[in-house]
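For reference, the structure discussed in these notes is given below.
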Amino acid sequence: MNESSHIPVLCDAVVRLLHPEVGQTYFDGTAGYGGHAAAIQAKIGPSGRLLLVDRDLEAIAALQSRFGGSATILHDDYLNAATELLADNEQVDMILLDLGVSSPQLDQAARGFSFNADGPLDMRMDQSENGAASRTAADIVNTAGERDLADMIYAFGEERQSRRIASAIVRARPITTTGQLAEVVAKAIGRGQKIHPATRTFQALRIAVNSELEQLQTALPILTQLLKPDGRLAIISFHSLEDRIVKDWFRRESRDCICPPEQPICTCDHIASLRILTKSPVPGTNDAFNPRARSAKLRAAVKLTPKPKEA
Ligand SMILES: C[S@@+](CC[C@H](N)C(=O)[O-])C[C@H]1O[C@@H](n2cnc3c(N)ncnc32)[C@H](O)[C@@H]1O
């Protein structure tokens with residue numbers, strides 16, 4: 001896979017909002033094929049530092065051949081990588097998360113992410129020994145109870161017909177390929193929609209297999225701590241569940257008081273740690289080469305200098 005096969009989403013806006021300066025340190029928690037990282041590297045120059053993280057071994061190999069010794073490349077998930085850096089008292093000037101899957105992951109049938117290409121029902125971003133300990137999409141589809149399946153497809157896929165789909169899946173077991181699952185879902189709910197009928201079910205499974213929402217929710221406080229004062233955090237999300245988590249965190253952290261609105265006197269010790277840079281999210285663009293870009297939303301914030309709370 002070469003670097004041009006992944007076109008970085010909203011790259012100009014990311015660079016504008018992260019505002020890189022010569023000599024700064026950049027943490028990319030979802031470095032993928034390094035498109036955003038290369039744009040930042042061009043601004044921070046050789047005295048700057050790149051910390052590039054990805055949980056996918058193919059992405060790591062591509063990052064190594066693209067950046068060689070000019071970056072620190074870590075095969076890890078961003079939650080773990082950020083936690084370890086913080087434990088080592090590291091701080092950084094810029095953080096980017098460009099969430100979800102990369103086009104190369106989607107395009108390879110063998111990775112099992114796509115209903116358009118028949119392959120094993122896998123969907124693990126990390127297929128290494130660490131990742132092998134985790135469940136594949138086939139494990140979930142073939143072992144979960146019907147109700148749990150329906151709840152998962154409803155919550156993570158925002159799929160209104162989740163019960164009908166879960167019932168059809170349970171009847172069709174064992175399901176081992178993406179093509180088989182796509183067919184079962186299409187038969188259960190019919191075609192007649194703009195998107196493929198299995199789109200939401202595949203999204204739900206991918207989120208569950210890779211614990212994507214838990215990673216994001218748990219990592220946000222850690223990433224905020226990892227930023228130096230005046231450091232900047234930018235997050236690109238691709239569906240409303242992720243965007244809501246980011247929006248809620250930015251809102252909470254931009255307030256000096258997080259007491260319930262009906263409470264007349266503040267009793268919380270909370271102090272704002274972020275200033276929001278994007279009042280509304282920067283929307284993705286219509287990119288013929290990268291259809292994912294259409295649903296992208298970019299939010300960014302800058303870390304405030306800690307101040308004591310007034311009495
Ligand atoms: C949309 S791509 C990133 C593309 C990248 N910005 C570029 O310019 O090439 C998302 C990448 O994030 C990785 N990823 C997703 N969740 C992750 C996580 N929790 N920890 C580390 N990497 C993750 C995926 O393996 C994938 O390579």
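The values are calculated or read from the model by the stated rules, or taken from the named source; none is laboratory data. Everything numeric in this text was worked out from a predicted model, so none of it was measured. Quick reminder, even Gly has a Cβ in these numbers, built from the backbone with ideal geometry, and neighbours come from all protein chains shown. In case anyone asks, the SASA skips ligands and DNA or RNA and just uses the protein heavy atoms, side chains included. Shrake-Rupley method; radii C 1.70, N 1.55, O 1.52, S 1.80 Å.
For segment 2-28, a tally of residues being of a type outside the set (A, V, I, L, M), surrounded by fewer than 19 Cβ atoms within 10 Å (Cβ to Cβ), within 10 Å of the ligand (Cβ to nearest atom) and assigned to a loop (DSSP other than H, G, I, E, B) returns 0.
Picking from residues in segment 195-239 that are within 12 Å of the ligand (Cβ to nearest atom), polar (S, T, N, Q) and in contact with a helix residue (DSSP H, G or I) (Cβ under 6 Å, 6 or more places away or on another chain), the one that is least open to solvent (accessible area, probe 1.4 Å) is Ser237.
Collect the residues in segment 29-81 that are among the charged types (D, E, K, R), part of a strand (DSSP E or B) and away from the ligand (no atom under 12 Å from the Cβ), keeping them in residue-number order. Listed by number, the list holds a single entry, Arg49.
What residue, among those in segment 179-203 that are under 17 Å from Ser167 (Cβ atoms) and part of a loop (DSSP other than H, G, I, E, B), is modelled with the lowest pLDDT? For segment 179-203, the residue satisfying everything is Gly190.
Which residues, counting only those in segment 253-289, are surrounded by 13 or more Cβ atoms within 10 Å (Cβ to Cβ), over 23 Å from Thr224 (Cα atoms) and polar (S, T, N, Q)? Matches in segment 253-289: Thr285 only. Looking only at segment 101-125, residues that are within 14 Å of the ligand (Cβ to nearest atom), open to solvent by 30 Å² or more (accessible area, probe 1.4 Å) and outside any loop (DSSP other than H, G, I, E, B) come to 2 in all.
Looking across Leu52, Leu63, Leu79, Leu96, one residue alone is aliphatic (A, V, I, L, M), surrounded by 21 or more Cβ atoms within 10 Å (Cβ to Cβ), over 17 Å from the mean Cα position of the chain (by Cα) and within 29 Å of Pro283 (Cα to Cα). It is Leu63.
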